[in-house]
Amino acid sequence: MSPALPPPPQALLRPLARLLRPLVRLLIRSGVTFPVLADLLRGLYVDVAARDLLADPKAQTDSRISLLTGVHRKEIRRLRSQAPDAGKTPAVVTLGSQIIARWLGAPPYADAESRPLPLPRTARSAGEASFEGLVESVTKDVRARSVLDDWIGQEIVSLDPDGRVRLNTAAFIPRPGGEEQLFYFARNLHDHIAAAAANVATAGPAPFFDRSMHYDRLRPETVAQLEATARDAAQQLLTDVNRIALAMAEADDKVTADEKVGPSRRINLGVYVYAEDDPTDEETAP
């Protein structure tokens, strides 16, 4: 990845305003005032300058950071004295996503088309796939019954007339405003912006895939049909890639520490569909 000169500030301001508009709308509705956001941004400017742009610890002086960010040195000293946010992944997110990924991708729990199979609560014979075995294949720290009761309450799963556990794939959506949804909100937007920013600041071929299809001046009925088609296609893409990724991850787990080279890496494949009314001429005018 070859570095390139970043866009000039004036060129970034207009797309930045459009990028931030829905976020500012959410912040205002959620009661996050501008002074709170400004203090958060001030701290981020200092942290990014010190951690990401000044690789040499000797260069991470208050004066150097002040020159890069425009933040006063007194504020920099205050901000650098505060404990950083740990930013750990919520345990409920890690556990739930791992169980669902295995149910959708591992042959004992899914069919050849990656459709989750209905599972008995416990194995009735040796080697039989079960919900208890599924949970224990991910963690032995949480009882399968606890997961089952919680997921039935959230309608993520249901019990069929034979007492088997069925996954409601459409219902596996984090509770609005809950810890899981806010985690994915931050991670997915971070990764999409990080990919787009890397592409803008890189000379030569873009290092990350970032494409979209867009149409305007369509009838609402047409958009509704396209949205339904896109949802089905996107879900199939995620299911197919998840099956491949799960098999490769399990193969990686068998690699010994001596065979591993370099730090571990992560990957995030995201898909989004968005539709709204066409903007008025006043909204699109420069």
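The values are calculated or read from the model by the stated rules, or taken from the named source; none is laboratory data. Note that the coordinates shown come from a computational prediction; the quantities given were computed from them, not determined experimentally. Cβ coordinates were reconstructed from backbone atoms using ideal geometry, including for glycine residues, and neighbour counts include every protein chain displayed.
With 112, 86 as the choices, which residue is at pLDDT below 90, more than 25 Å from the chain's Cα centre (by Cα), in a loop (DSSP other than H, G, I, E, B) and surrounded by fewer than 12 Cβ atoms within 10 Å (Cβ to Cβ)? Working first, answer last.
Details: 86 fails: more than 25 Å from the chain's Cα centre (by Cα).
The match here is 112.
Quick check on the stretch 171-180. Is at least one of its residues at pLDDT 90 or above and assigned to a helix (DSSP H, G or I)?
Keep residues of the stretch 171-180 that are at pLDDT 90 or above, which gives none.
No.
Among the residues of the stretch 37-58, those identified as farther than 15 Å from residue 82 by Cβ and surrounded by fewer than 12 Cβ atoms within 10 Å (Cβ to Cβ) are 38, 52, 55, 56, 57, 58. The one condition from (1) in contact with a Ser or Thr (Cβ under 8 Å, 6 or more places away or on another chain); (2) at pLDDT 90 or above; (3) hydroxyl-bearing (Ser, Thr, Tyr) that residue 2 does not meet is (2).
Residue 162 meets all of the listed conditions (1) surrounded by 14 or more Cβ atoms within 10 Å (Cβ to Cβ); (2) part of a loop (DSSP other than H, G, I, E, B); (3) out of contact with any helix residue (DSSP H, G or I) (no Cβ under 7 Å at 6 or more places or on another chain) but one, namely (1).
Go over the candidates 271, 261 one by one and state the one that is surrounded by 12 or more Cβ atoms within 10 Å (Cβ to Cβ) and not charged (D, E, K, R).
Numbers: 261 fails: surrounded by 12 or more Cβ atoms within 10 Å (Cβ to Cβ).
Matching residue, one of 271, 261: 271.
Mind listing whichever residues of the stretch 26-66 are part of a helix (DSSP H, G or I), free of Cβ contacts under 8 Å to residues at least 24 places away in the same chain and among the hydroxyl-bearing types (Ser, Thr, Tyr)? Passing the criteria: 63, 66.
Kindly indicate the residue of the stretch 238-248 that is surrounded by 12 or more Cβ atoms within 10 Å (Cβ to Cβ) and of a type outside the set (D, E, K, R) and also farthest from the chain's Cα centre (by Cα) among those meeting that condition.
Here is the first cut: in the stretch 238-248, the ones surrounded by 12 or more Cβ atoms within 10 Å (Cβ to Cβ) are 238-243, 245-247.
In the following step, the residues that additionally are of a type outside the set (D, E, K, R) were identified as 238-239, 241-242, 245-247.
Working: 238: 13, 239: 16, 241: 16, 242: 14, 245: 16, 246: 17, 247: 21 Å.
Out of the qualifying residues, it is 247.
Can you tell which of 277, 232 is over 26 Å from the mean Cα position of the chain (by Cα) and at pLDDT 90 or above?
277
Yes or no: the stretch 11-25 includes at least one residue that is surrounded by 15 or more Cβ atoms within 10 Å (Cβ to Cβ) and in a helix (DSSP H, G or I). No: the stretch 11-25 contains no residue that is surrounded by 15 or more Cβ atoms within 10 Å (Cβ to Cβ) and in a helix (DSSP H, G or I).
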